[in-house]
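Working notes, structure below.
The values are calculated or read from the model by the stated rules, or taken from the named source; none is laboratory data. Keep in mind that what you see is a predicted model, and the values were worked out from it rather than measured. With ideal geometry, Cβ positions are generated from the backbone for all residues, glycine too; neighbour counts draw on all protein chains shown.
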Amino acid sequence: PAAKPLAGRRAIVTSGPTHEPIDPVRYIANRSSGKQGHAIAAALARLGAEVTLVSGPVSIPDPAGVHAIHVESARDMLDAVTDALPADIAVFVAAVADWRVATSAENKIKKKEGEGPAPLELTENPDILRTIGHHAMRPALVVGFAAETADVISNAQAKLARKGADFIVANDVSPATGIMGGDRNRVRIVSKSGVEDWPDLSKAEVAERLAARIAELVPKMAS
Ligand code: C5P
């Protein structure tokens, strides 16, 4: 039926930030409310997809009709996404921390009188999108996001090939745009065939349009 074009399709969506522990009470994270990722998971579910939402720590509720898995770190998020394979569709919306502390402390790091702050040695996190984009069980349709504050399009174009995505949803998250944490979003869809500008929309409307686009594309993809 036309109303449920994604019935029988499995989708994975990542959303929210990741938290990378420094010690039991401190962490490194990106700013992310999870609003856009959660809205996309909900929109795909409304079109009939069986959705696994892998979410970092957020303060918004799990959307109705999705199977939500809650994780903290990038490594946990990658494990949860890998466990959710196989899937037909994967949309990577999470603002994953690029780096984590090489060895997080078992106990709270104490401030020492007269000494400077303890240096933090960072190490690179796995790139979840890139891992799944080049995976033996790669979903037929892989969508990435690119939140940038400058050179939005050229950065998104570079990400397409490097990460193995079919398209990238690019947005400018400069503080002046109010997109981060806000309810609206202005995105551009960057694929091999070019750049498509979408108007200023609510995050719910971006999710609806994106889910509709995915529903158009999935039947055409080899699975
Ligand atoms: O490289 P950058 O972080 O800008 O890429 C953004 C895209 O890659 C988003 O789709 C994001 O969810 C995904 N990503 C990821 N794992 C990372 C970093 C980014 O899945 N470690």
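Contact annotation: residue pairs with Cβ atoms under 6 Å, 6 or more positions apart or on different chains, pairing a residue in region 152-178 that is farther than 14 Å from His134 by Cα with a partner that is part of a helix (DSSP H, G or I) and of a type outside the set (Ser, Thr, Tyr), are Ile168/Ala156; Ile168/Lys159; Ile168/Leu160; Ala170/Val152; Ala170/Ala156; Asp172/Val152. For Ala64, the criteria (1) buried (at least 16 other Cβ atoms within 10 Å of the Cβ); (2) within 25 Å of Lys203 (Cα to Cα) hold in every case but one, which is (1).
In the set (1) part of a loop (DSSP other than H, G, I, E, B); (2) within 16 Å of the ligand (Cβ to nearest atom), the condition left unmet by Val143 is number (1). Under the condition of being under 12 Å from the mean Cα position of the chain (by Cα) and part of a loop (DSSP other than H, G, I, E, B), the residues counted in region 32-64 number 4. Restricting attention to region 181-217, the residues that are surrounded by 19 or more Cβ atoms within 10 Å (Cβ to Cβ) and modelled with pLDDT under 90 total 1.
Considered as a group, the residues in region 103-125 that are among the small types (Gly, Ala, Ser) and surrounded by 10 or more Cβ atoms within 10 Å (Cβ to Cβ) include one that is farthest from Tyr27 (Cα to Cα), and that residue is Ala118.
Is it the case that some residue within region 21-28 is within 14 Å of the chain's Cα centre (by Cα) and touching a residue at least 24 places away in the same chain (Cβ under 8 Å)? No, there is no match, as no residue in region 21-28 is within 14 Å of the chain's Cα centre (by Cα) and touching a residue at least 24 places away in the same chain (Cβ under 8 Å).
The sole residue among Gly133, Gly181 that is of a type in the set (Gly, Ala, Ser), within 12 Å of the ligand (Cβ to nearest atom), under 23 Å from Ala207 (Cβ atoms) and in contact (Cβ under 8 Å) with a residue 12 or more places away in the chain is Gly133. Taken over region 92-103, the criterion of being β-branched (Val, Ile, Thr) and either more than 16 Å from the ligand (Cβ to nearest atom) or part of a strand (DSSP E or B) (or both) is satisfied by Val101, Thr103. Considering Glu124, Glu113, Glu106, which residue is within 15 Å of the ligand (Cβ to nearest atom) and not hydrophobic (A, V, I, L, M, F, W, C)? Checking each option against the conditions leaves just Glu124. Pairs are defined by a Cβ separation below 6 Å, a sequence spacing of at least 6 or placement on different chains, a first member in region 77-94 that is crowded, with 24+ Cβ neighbours inside 10 Å, and a second member that is among the aromatic types (Phe, Trp, Tyr); the pairs so defined are Val93/Phe145.
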